[in-house]
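The block underneath contains the structure these notes are about, expressed in structure tokens.
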Amino acid sequence: MTGIIKGTGACVPRNTLDNRELEKLVETSDKWIQERTGIQRRHIAAKDTAASMAAKAAKEALAQAKLKPEQMDMILVSTMSSEEVMPSMACRVQDEIGAFRAVCLDLNAACSGFIMAYATACAYIEAGLFQNILVIGSECLSNVTDWSDRGTCILFGDGAGAVVVTAAHGRGTIPVLGSDGTKGEALTLKNRKNQTPFSGPLTKEDLSPCYIRMDGQTVFKFAARKVPEAIEEVLLKNKLRKGDIKYYVLHQANKRIVEAVAKRIGEPAYKFPMNIQEYGNTSSASIPILLWEMQKQNMLHPGDNLVLAGFGGGLTWGAVIITWR
Ligand code: UT7
């Protein structure tokens, strides 16, 4: 038994913020942002939350898979920007969509989260524990973005993507997953401290709001090296050649990272679809949103092999192979 993707769904906020509008917030320019990142605009939540977007994406993926919420055995949500720590976002989605049989839990591997969640879902299915799993990546990054920091605020956007993973006959593929906690400080989102009877007086820093902080160049260099390595390794482990791969669906963090990966593994640019120009970096939602768009554009056909690859905070990385059915 293995897991196959039966349906995809997505939800992005209506409200968009283009580069010209960002010029009014920080010292930047549309030209700089487009040249350095490929981003033209991003969608920013007004009323939506990460949980509400996750539920909407899940409903669409279920409708496409022609499965009912009560048929789901598990809901796995990848997020690092949930509005609440408890209950989990997966439980919020369960309640919203009525998936009353599902085991629900969240997983945080930053921008690699969707890959880790997908590999986890496949492992449960291959172990024979579950048949139908909703895997969701949902982020409301505007909530954890410092809108006065031009090094980060130009990058991020909000959105959610979901897939239904279902048990099917056949052998599973081997994922490549990794983490390097020694480089954790390159990309952080700290939590605020609370006063306790034991903490002593809190400093001004303790009380300040918490935002994403990033050493952009370190993360860039890490991604441009690690993602090609992970792709080569996942191909080798699964005895596939580059000619067997239709598309490489990469985490949308920076157009230049995607281009650098393509160059390093010697594959043509057309095999690397991108939508970063429209959504910016939506962290763990970027890969399922891109898959959803590719499906809508009729780019995916039965038998197509895809490599999905992500990277990000932790630092973490991962690559999986899926065969479209
Ligand atoms: O989701 C996974 C995690 N995130 C990533 O994968 C992001 C990885 N990193 C990146 O995408 C890039 O490093 C950035 C897009 C964040 C930055 O691009 P860069 O080419 O690495 O720029 P830089 O940090 O080397 O900065 C170059 C210059 C600096 O000015 P000086 O020192 O040369 O005078 C910056 O101060 O550009 C300046 N700069 C800006 N200028 C205009 C930095 N941000 C901006 C800005 N607008 N928004």
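Any read-out appearing in this document is the output of simple, stated calculations on the displayed coordinates, not a laboratory observation. Only a predicted model underlies this, so the values are computations on that prediction, with no experimental measurement involved. Here the Cβ positions follow ideal geometry from the backbone for every residue, glycine too, while neighbour counts run over all protein chains shown.
The table below gives the values:
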read-out	value
Relative contact order (%) - criterion: Cα under 8 Å, at least six apart; region: the chain	26
Anisotropy class of the stretch 121-216 from Cα gyration tensor, a/c 1.5 cut	prolate
Shape call, the stretch 9-55: gyration tensor on alpha carbons, a/c limit 1.5	prolate
Convex hull per residue volume in Å³, alpha carbons only, for the chain	141
Top of Gly312, Gly200, Gly280 by mean-square fluctuation, Gaussian network on the chain, Cα under 10 Å	Gly200
Structure-based [θ]222 nm, the chain - -39500 (n - 2.57) summed over DSSP H runs of at least 4, per residue, nearest 500	-9500 deg cm²/dmol
Scaled radius of gyration (Cα, divided by 2.2 N^0.38 Å) that the stretch 2-168 gives	1.11
With 5 Å bins from 0: P(r) over the stretch 230-325, alpha-carbon pairs, percent	2, 13, 26, 27, 21, 10, 1
Cα gyration tensor shape of the stretch 162-296, rounded if a/c is under 1.5, else prolate or oblate by comparing a/b with b/c	prolate
Eligible lysines near Lys246 by straight Cα distance, threshold 30 Å, same-chain separation 8 or greater	Lys6, Lys56, Lys59, Lys66, Lys221, Lys226, Lys237, Lys255, Lys263, Lys271, Lys296
Kyte-Doolittle at least -1.0, axis length at least 24 Å by Cα - qualifying DSSP helices, the chain	216-237
The stretch 172-325 - percent relative contact order, Cα under 8 Å, separation 6 or more	35
Average Cα contact separation per residue, the stretch 2-168, under 8 Å, 6 or more apart, as relative contact order %	35
For the stretch 12-56 versus the stretch 89-116, the gap between their alpha-carbon centres in whole angstrom	25
Residues of type aspartates and glutamates that Lys68 reaches as a straight line, Cα spacing below 20 Å, ignoring anything fewer than 8 places off in the same chain	Glu60, Asp95, Glu96
Reachable aspartates and glutamates, given that their alpha-carbon falls under 18 Å from the alpha-carbon of Lys242 and they are not under 8 places away in the same chain	Glu229, Glu232, Glu233, Glu259, Glu267, Asp304
Gaussian network model of the chain, Cα within-10 Å springs - most flexible of Gly137, Gly172, Gly157	Gly172
Sites matching chymotrypsin sites (Phe, Trp or Tyr not before Pro) across the stretch 67-158 that sit in DSSP coil, with at most 14 neighbouring C-beta atoms within 10 Å	Phe100, Trp147
DSSP bridge orientation in the chain - percent antiparallel, rounded to nearest 5	70
Estimated inter-spin distance, Met274 and Lys242, nm [label 7 Å along Cα→Cβ]	1.8
